[in-house]
1. Give me the extension gain from residue 83 to residue 98: residue separation times 0.36 nm, minus the current Cα-Cα distance, reported in nm with one decimal.
2. Taking the Cα atoms of the stretch 22-109, what is the range of coordinates along each of the three principal axes, in descending order and whole Å?
3. Normalised by the residues of the stretch 22-109, what does the relative contact order come to in percent, with Cα pairs under 8 Å and at least six apart?
4. Listing 126, 28 from the residue with the fewest other Cβ atoms within 10 Å to the one with the most, what is the order?
Amino acid sequence: MFPVPMPTQGVSTRMGVLPFPAMREGRFYRFWVYIMASRTGTLYTGMTGFVDTRISQHKSGEIDGFTKKYNCDRLVYYEKYDDVYVAKRRELQLKGWRKEKKIKLIEKMNPRWEDLAENWGREILFRGQSMKKKA
């Protein structure tokens, strides 16, 4: 099923909201609001629907802009949402905060300011599994 135009008062048409979350490539849409940091303390707040791709782009400096210029390549905070409008409002709210308030938020979740995406995309080894590649 797709959104169905719903007349309101016979004057305008608006898209009705479906009672289930939208899907993309067989998965439910998810949206992330995140904060990237540089080693010198510069912060960048953003929002994305493809968190792994976007964080990888920040880390590699693939996209020209603020994060590349100030080397904001460490994911230090994130929140996950099902609704893009809620996520966008939250992103704008965080962007309006002073740096001190963002720091308190980050330190609640990540007191040591570790890069939360440091091991994304790496091979996982289990106990007893060799690190050597088999020929």
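1. Extra length available between residue 83 and residue 98 comes to 2.9 nm.
2. 40, 28, 20
3. Details: 126 pairs, mean separation 29.4, N = 88.
33 percent.
4. 126, 28
Since every read-out is calculated from the coordinates, none of them should be taken as a lab result. Owing to the predicted nature of the structure, the values given are computational and were not obtained by experimental measurement. Glycine gets a Cβ as well: all are built from the backbone with ideal geometry, and neighbour counts include every protein chain shown.
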